[in-house]
Amino acid sequence: MRRLHLKFYLAIVGTLMLFLFCGAMIWHHLSPPQAAVAGIESATGLAASMLDKAPTAEGRREIIDSLAVQLHADVALYDAAGTRVLMGGKAYPLTPAQIAEGGWQITQSGPTFNYWLSNGRHLIVHPRRGFLLYGLHMGMLLTTIAIILALLTYPITRGITARLGRLQTGVLQFGDGNLAARVEVEGRDEIAALARSFNESAGRIEQLVHAHQMLLANCSHELRTPLARIRLAVERVPGTDAAVTAELARNIAELDALVGEMLLSSRLQASRSLERTESIDLLALTAEEAAHFDRDVGGAPVTLTADPLLLRRLVRNLLDNARLHGGGATDVRIESDEHAARIVIEDAGAGVPEADRTRIFEPFYRSPAGAEAATRSSGAGLGLSIVKQIASAHGGSVEYSTRAGGGSRLIVTLPRGAQAPASGSAADRR
């Protein structure tokens, strides 16, 4: 894709070159070079006066030859009857009308100067290279001007489009989820007005999104109080069938878990940094969570600076996802290198269809292939979405890949660099 500044630059330079070319052609065809014309006329007039005074034919020949050499031209002397008397170089005959006219004339061989002498004689001068050299000099001058203007034009066009590039960077950052991204307003032109409008729109969108997140978080928090009262009321109702009570309790617990996940998801979206961090052993933390699922963890100890509660929730959600959709994790291990640590959890389930692999981390998304199984499970469709949010909050990422022999492999990558603790979440600061 051709850059906008190159389009501007090529358009300006192309227009400039076309203008200079047309100007040079018009100059060459319609306006003879005045300096060369004046020099030829002066030299021819001087030679004509010398020819009038030359007593011998040999002297007149020397004058003709000298004039031809000095002007780099073909020179011929004609008598009053139009017969060539002397010649220096090639002969370019003129028609009787051209001879009678005199002065500069455009012939088939190019510009020709006809100078009248005494006694009806006339001197014909046909420049061979004078005009060509003058045109070459003029072309070099115009080319030099074009090069200088092209060099001066490039930084101007680049400066105009560079601001558009910075505006594009800000828009991409905003589109990637950084709602605090803004662009610098430079200048007073249309690009500056566009940047100012983007900043104003981004500010309003950020306020709306945060207000929505806070509303969802507060609603989720307030829902837990009536749920607790309903649970207590169900337990105290006398004479209730045990199976009905158990089903009600299970539904209330599932609803309470959903509210908890929504609350955590809203809090992660509203906060701009981790609430607290400390140095943790990732292998030990993963092993503690895996023990609740009767799974062993392989790998070597890796120390990270992170939020331990969030990482525990991340590992728990991954293991719970493998239990619900893959029959349980078949392999849990910790891998690391110089820059990052990875949590790898595999299962031997049916896997995820290729068309759904980019959407399994979306909130409440359920693959159509596993909709029936998801209906029977207690999953709410927020587990992997929360995993992605927790990984992103730590500067990491999560990805899905297929397991050798069938099944799924989820890989969470966390940077080993330290995370600076925050004084509180955005929700607390509000």
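Quick look at the values:
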{"read-out": "Selection from the range 181-204 of residues that are exposed (fewer than 11 other Cβ atoms within 10 Å of the Cβ) and not in a helix (DSSP H, G or I)", "value": "Arg188, Asp189"}
{"read-out": "Tally, over the range 291-301, of residues that are closer than 15 Å to Glu335 by Cβ and in contact with a helix residue (DSSP H, G or I) (Cβ under 8 Å, 6 or more places away or on another chain)", "value": "4"}
{"read-out": "Any hit, the range 125-134, residues being at pLDDT 80 or above and either farther than 23 Å from Tyr9 by Cβ or surrounded by 14 or more Cβ atoms within 10 Å (Cβ to Cβ) (or both)", "value": "yes"}
{"read-out": "Residue check, Glu41 at pLDDT 75 or above and either more than 24 Å from Leu142 (Cβ to Cβ) or in contact with a Phe, Trp or Tyr (Cβ under 7 Å, 6 or more places away or on another chain) (or both)", "value": "yes"}
{"read-out": "Residue in the range 59-106 that is modelled with the highest pLDDT, counting only those that are surrounded by 15 or more Cβ atoms within 10 Å (Cβ to Cβ) and of a type in the set (Ser, Thr, Tyr)", "value": "Ser66"}
{"read-out": "Scan of the range 252-284 for residues that are aliphatic (A, V, I, L, M), at pLDDT 80 or above and touching a strand residue (DSSP E or B) at 6+ places or on another chain (Cβ under 9 Å), ordered by number", "value": "Ile280, Leu282, Leu283"}
{"read-out": "Selection status of Ala287, in a helix (DSSP H, G or I) and modelled with pLDDT under 75", "value": "no"}
{"read-out": "Count - residues of the range 1-24 that are over 30 Å from Arg163 (Cα atoms) and modelled with pLDDT under 70", "value": "1"}
{"read-out": "Residues satisfying the stated conditions in the range 193-237, i.e. within 37 Å of the chain's Cα centre (by Cα), at pLDDT below 85 and of a type in the set (Gly, Ala, Ser)", "value": "Ala211"}
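The values are calculated or read from the model by the stated rules, or taken from the named source; none is laboratory data. This one's a predicted model, so the numbers in the text were calculated from it and none came from an experiment. Counting neighbours? That spans all protein chains shown, and the Cβs are built from the backbone with ideal geometry, glycine included.
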